[in-house]
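The values are calculated or read from the model by the stated rules, or taken from the named source; none is laboratory data. Not measured: the values here are computed from a predicted model. A quick note on method: Cβ atoms are made from the backbone with ideal geometry, for glycine too, and the neighbour counts reach across all protein chains shown.
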Amino acid sequence: MSVRSANSQGRRRTRGRLRRYIAFALPWLILAPLLFPFVWMVLTSLKTHIDAVAYPPVFFFTATVQNYVEVFRNNPFGTYLVNSFIIALGSTALAVLLGLPAAYSIARARRRALALSILIARIVPGISYLVPWYVIFRTLGLLDTYLALILTHLIVSLPIVVWLMIGFYEDIPVDLEQAAQVDGCSRFQAFLWIAIPLTLPGLVAAVIVSFIFSWNNFLFSLILAGERTKPLPVAVFNFMTYGMIHWGGLAAAVTVILVPVLILTFLIQRHIVRGLTAGATIG
Amino acid sequence: MPDGSDVLMQREPPQARVAFGATPGEGRPGGQYLNIAQWCDRHLFLILPIPAVVTILLIIALPLAYTFWLSANRWVVTAFTPPTFVGVQNYVRLIAGDLDFWASVGRTLLFAGLALGVQTLLGLGMALVFHREFPGRGLARTLLLLPMTATPAAIGLLWAMMMDPDLGVLNYFLSVVGLPKSLWLASPRVVIPAVVLVDTWEWSPLIALFCMAGLAVIPGEPYDAARIDGASAWQQFWSITLPLLRPVLVVAMLFRAIDALKTFDILYVMTQGGPGRASETINMYAYLQAFHYFNMGYSSAILVALLALVLGVSLMLISVRRGTEA
C-alpha cells in the first residue's frame with residue numbers, strides 16, 4: 001500500500017469520525033434553544049429581585065425560593081390553582097362520559113361522518129364560539145361559574161377524548177366482545193365489561209392529554225371567568241399587567257403553571273403525539 | 001347513513017344472532033320491557049353517540065349558527081337595546097369601507113405565511129436529524145414535545161420577559177455575538193417576526209413529528225438503488241425523500257396553517273395587537289370589536305370572514321394533497 005493511499009484513508013477515517021460526532025451532537029444542539037426558555041424560567045424564578053433584572057443577566061447566583069413564597073402569599077394563587085384543576089378535571093370527566101360511548105360506536109360501526117364533525121371543532125377559530133357563549137351565559141347569569149367554563153372547555157377535551165379512544169378501541173380485537181355476546185351479554189354489557197376494561201391504559205392516556213389541553217386553554221376563561229373561577233393562565237396574565245416588572249415572581253408563577261403539564265408530557269409522550277396530530281388520517 | 005348495527009351483524013357468527021337476536025321477549029313477565037331493552041341493544045351504535053352529538057350541537061353548532069345570525073345584526077351589548085336586523089350591512093362595511101379590517105387581513109397572512117414557511121423548513125430539517133439513531137434519542141424526542149404542551153399563555157409571558165428591550169436575555173445574546181439590540185415587541189416593524197419566532201419555537205416540532213412519522217415508513221430500497229447509481233446525499237433527499245414525504249408534509253402544513261391563522265393566546269399575551277395596531281390580526285381585531293367595543297354584530301361578521309379564510313386555506317391545501325396522491 002502506498003503512503004499516499006494510506007494517508008487519504010486516514011483522512012477519510014477522521015472525516016468519518018468527525019461526521020459521527022456531528023451526527024451525535026446535532027440533535028442536542030437543536031434542542032438547546034428549544035429548552036433554553038424553560039431553563040431561563042426556572043433560573044429567573046429562583047433569583048432575588050435584584051438578580052432578576054440585572055444586566056447583563058446573571059447565570060450564577062444564590063438561589064432563593066422567595067418568589068414562590070411571595071406569589072402564593074400576596075395573591076390567592078392557591079385558589080387559581082384549584083380553579084384550574086376543577087375546570088380541567090371537570091371538563092375531562094364530562095368528555096369521558098360523553099366521549100367513550102361515541103368513540104366506541106365510531107370504532108365499531110365506522111361512523112366517519114361523526115368523526116369528521118368532531119374535527120370541525122379543530123378548524124373553527126375559538127373566538128367564533130366565544131361571542132355567542134358570552135351572550136348566552138350572560139343571559140343565563142352563568143358568567144364566572146365553573147359550569148360555564150367546564151362546558152366550554154368540552155370543545156377542547158371532547159374531540160381529543162373521542163379521537164384517541166377511537167384508536168384504542170380499534171386496536172382491540174372485536175372477537176372478545178362477540179364471544180361475550182355469544183355467552184349472553186348484551187352489546188352494552190360487552191362495551192361496559194369488555195371494551196372499557198381492555199382499553200383502560202388508553203383511557204388513562206386520553207384523560208391526561210385532555211387534561212393538558214384543557215389546562216392550557218386561555219381564551220375561553222379570559223372572557224367567561226371572573227374573580228371566583230379564574231384559572232391560573234388568566235390570573236398570571238393579570239398579575240403581569242398589574243405587577244409591573246417583577247420578573248422573579250412572574251417566572252415563579254409561570255413555572256407553577258407549566259410544571260404539571262411538563263410532568264404529564266413525560267409520562268405519556270407517545271400519546272401526546274397522537275393527540276397533537278389528531279385527525280391527520282382523515283380529511 | 002348505513003345502520004351501524006348491520007355492519008357488526010354481518011361479522012357476527014350465526015350463534016350470536018340466535019343468542020339474543022332471536023330470543024322472543026313476549027310470553028314472559030315484563031316482556032314489553034325486554035323488547036325495548038333488546039331494541040336499544042340492537043341499535044346500540046345509534047344510541048350510544050347521542051349524548052355526544054347533542055353536546056356537540058349545543059356547544060359547537062348552535063354558537064356557530066348564532067354567530068352567522070348576529071353577523072346580520074347591529075348590536076352593542078352595553079346599550080341595552082336588542083339586536084337590530086341590518087342584513088348584509090356589516091359585510092358591506094367590512095369589505096368596502098373598513099381599511100382596518102383589510103390591514104388585519106394583511107397582517108394575518110403575513111404572520112401565517114412567515115410562520116408556515118420557516119416552520120416547514122426547520123421542522124423538515126429537525127426530522128432528518130432526529131430520524132437517525134443517536135445516544136438519548138428517546139429522551140430527545142420527548143423533550144421535543146415540551147414547547148407544544150406548555151401552556152401558550154405562559155409561554156407568551158416568558159418570551160415577553162426574555163424580549164425586554166432593556167434587560168432581556170435575548171438582547172444580551174445579540175450583543176454577545178456583536179449584533180445590535182432589537183426593540184422586539186416594542187417595534188411596529190419587528191413585532192410580527194418576533195411573535196413568529198415564538199410560534200416557530202413552539203410549533204416547528206409538530207412539523208418535525210409528522211415528518212418523522214413519514215420518514216419511518218419510507219422503505220430502504222430506493223436509497224440502496226440510488227447509492228449504487230452514485231447519487232449524492234443531496235440528490236437522494238431531493239429525488240427520493242422529499243417526493244415520498246410530500247403527502248405527510250402537506251398534512252403537517254395544513255395543521256399549522258389552520259392554527260397559525262387562528263393564533264390568539266401568544267399574540268394577546270405578548271402584544272394585545274400593539275404597538276399601535278402593528279400586530280392586530282383578524283382574530284385580534286374581532287376580539288377587540290367584541291370585548292372592548294362590544295360591537296357583537298360587527299365582530300361576528302369579522303369572525304365569519306376569518307372562518308371563510310381558514311376554510312379556504314384548508315380546502316386549498318387538501319386539494320393540493322389530493323393532487324399528490326393521484
Part of a helix (DSSP H, G or I), within 8 Å of chain B (Cβ to nearest Cβ) and over 21 Å from A:GLY126 (Cα atoms): which single residue out of A:VAL254, A:VAL234, A:VAL259 fits that description?
A:VAL254
Among the residues of region B:47-81, what is the count of those that are more than 8 Å from every other protein chain (Cβ to nearest Cβ), on the phi < 0 side of the Ramachandran plot and either assigned to a helix (DSSP H, G or I) or modelled with pLDDT under 80 (or both)?
12
Out of (1) in contact with an Asp or Glu (Cβ under 6 Å, 6 or more places away or on another chain); (2) facing chain A (nearest Cβ under 8 Å); (3) more than 30 Å from A:THR139 (Cβ to Cβ), the one B:ALA115 does not meet is (2)
Name every residue in region B:269-293 that is surrounded by fewer than 22 Cβ atoms within 10 Å (Cβ to Cβ) and either closer than 27 Å to A:ARG274 by Cβ or within 11 Å of chain A (Cβ to nearest Cβ) (or both), in order of residue number.
B:GLN272, B:LEU288, B:PHE291
Every residue in region B:96-133 that is free of Cβ contacts under 8 Å to residues at least 40 places away in the same chain, farther than 30 Å from A:LEU29 by Cβ and part of a helix (DSSP H, G or I), please.
B:ALA96, B:GLY97, B:LEU99, B:TRP102, B:GLY106, B:LEU109
Of these, B:VAL92, B:VAL86, B:VAL53, which one is of a type in the set (A, V, I, L, M, F, W, C) and in contact (Cβ under 8 Å) with a residue 40 or more places away in the chain?
B:VAL86
How many residues does region B:267-288 contain that are out of contact with any Leu (no Cβ under 8 Å at 6 or more places or on another chain), within 17 Å of B:ILE155 (Cβ to Cβ) and touching a residue at least 60 places away in the same chain (Cβ under 8 Å)?
1
Given (1) more than 8 Å from chain B (Cβ to nearest Cβ); (2) touching a residue at least 24 places away in the same chain (Cβ under 8 Å), number of the condition A:ARG108 does not satisfy:
(1)
Within region A:187-199, tally of residues that are within 14 Å of chain B (Cβ to nearest Cβ) and crowded, with 21+ Cβ neighbours inside 10 Å:
4
Unique match (being more than 11 Å from every other protein chain (Cβ to nearest Cβ), surrounded by fewer than 21 Cβ atoms within 10 Å (Cβ to Cβ) and of a type outside the set (D, E, K, R)) among A:GLY184, A:GLY202:
A:GLY202
So which of B:GLY156, B:GLY178, B:GLY136, B:GLY168 is at the interface with chain A (Cβ under 9 Å from one of its Cβ atoms) and either of a type in the set (D, E, K, R) or on the phi > 0 side of the Ramachandran plot (or both)?
B:GLY136
Single unsatisfied condition, B:GLN235 versus (1) crowded, with 17+ Cβ neighbours inside 10 Å; (2) away from chain A (no Cβ under 11 Å)
(1)
Checking B:ASN35 against (1) within 8 Å of another protein chain (Cβ to nearest Cβ); (2) of a type outside the set (A, V, I, L, M, F, W, C); (3) touching an Asp or Glu at 6+ places or on another chain (Cβ under 8 Å): exactly one of these is not met. Which one?
(1)
A:LEU34 - would you say it is modelled with pLDDT of 85 or more, within 24 Å of the chain's Cα centre (by Cα), closer than 30 Å to A:ALA225 by Cα and surrounded by 10 or more Cβ atoms within 10 Å (Cβ to Cβ)?
no
Can you tell me which residue in region A:37-71 is nearest to A:THR255 (Cα to Cα), limited to those that are hydroxyl-bearing (Ser, Thr, Tyr) and assigned to a helix (DSSP H, G or I)?
A:SER45
Anything in region A:131-148 that is within 18 Å of A:TRP215 (Cβ to Cβ) and within 12 Å of chain B (Cβ to nearest Cβ)? List them, or say none.
A:ALA148
What are the residues in region B:143-195 that are polar (S, T, N, Q) and buried (at least 17 other Cβ atoms within 10 Å of the Cβ), if any?
B:THR149, B:THR151, B:ASN171, B:SER182
